[in-house]
Amino acid sequence: MAFRLIKEKNPVNEEVKVPAIFTLIGSVFYIGFIPIASGTFGSLIGLALYLTPRVSGVYSLSLITALVFIVGLLAAEKMRPRYGEDPPEVVIDEVAGQLFTYLIGSVVFELFFSFKSFDPDFAFDTKLVFGIIGFFTFRFFDIVKLEPSKYFDNRENGFGIMMDDIAAAVYAGVISAVLTHLAWYQFLRVYLE
């Protein structure tokens, strides 16, 4: 199991130049250059996007996640030759993974908890609880790297960089939906109403 709390920076290949637009996108406005926990900051951007009004529906989440994944794939592939394999400077994969966590969690809610009122566009308190739980579960699974995340993490290309976070997001999405259901509907909401 590949367990890394702090991802070490790779040596930078100064001979390889990366167009500024790909560095901007791949590092999510240079957040990837923060020396500690750059991936966590990338995930926080995903959480902030999710908490934006009208972004949390399955349709809008699908479109935004697909867009982030596609541009992230291009940026990661361009940045990889300069910054090394799975570089900590590339955090758009964390943004995509965090958004995919919320997408998977929303689908789980629709399929298994539809009798509950989970409409995150209208119930911000539920959306916030789900967002926070999803953030922590995604960070956990992104760090632990269960299969197939570990498989993708070992690929030496932009697709692997992006897909290891997407694979982690599947676990995180399911678990965060279940935890939100248990925490919110079975405990917190009962006592707060």
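Values in this text are rule-based calculations from the coordinates and carry no lab data. Computed from a prediction, not measured in an experiment: that's the story for all the values here. Using ideal geometry, Cβ is built from the backbone for each residue, glycine included, and neighbour counts are taken over all protein chains shown.
Per residue, how much space in cubic angstrom lies within the convex hull of the C-alpha atoms of the stretch 1-114? Before the final figure, lay out the partial values.
Values: hull volume 13.2 nm³, N = 114.
Taking the convex hull of the Cα positions in the stretch 1-114, it is 116 Å³ per residue.
So how strong a dipole does the chain carry about its Cα centre when Lys and Arg Cβ are +1 and Asp and Glu Cβ are -1, to the nearest 20 debye? Write down the numbers at each step before the final one.
Working: 15 positive and 20 negative charges, 30 e Å.
Charge dipole, the chain, about its Cα centre: 140 debye, nearest 20.
Would you order SER60, SER176 from fewest to most other beta-carbon atoms within 10 Å of each residue's own beta-carbon?
Working: SER60 14, SER176 29.
The most exposed by this proxy come first: SER60, SER176.
Lysine pairs, Cα distance under 24 Å, 8 or more residues apart or cross-chain: how many in the chain?
Number of lysine pairs found: 12.
If I model a spin label at ILE34 and ILE21 as a point 7 Å from the Cα along the Cα→Cβ vector, what separation in nanometres do I get?
2.7
Take SER62 and ASN13, extend 7 Å from each Cα along the Cα→Cβ direction, and tell me the distance between the two endpoints in nm.
Placing both labels 7 Å beyond Cα along the Cβ direction yields 3.8 nm.
Take ARG155 and LEU111, extend 7 Å from each Cα along the Cα→Cβ direction, and tell me the distance between the two endpoints in nm.
Those two pseudo-labels are separated by 2.2 nm.
Using all Cα-Cα distances in the chain, what percent lands in each 10 angstrom bin from 0 up to the longest?
In order of increasing distance, the bins hold 10, 38, 32, 15, 5, 1, 0 percent.
How would you rank GLU156, GLU94, going from fewest to most other Cβ atoms within 10 Å of each one's own Cβ?
Numbers: GLU156 11, GLU94 28.
The order, fewest Cβ neighbours first, is GLU156, GLU94.
Among PHE140, LEU63, ALA123, which residue has its Cα positioned farthest towards the positive end of the charge dipole of the chain, with +1 placed on the Cβ of Lys and Arg, -1 on the Cβ of Asp and Glu, and the dipole taken about the Cα centre?
ALA123
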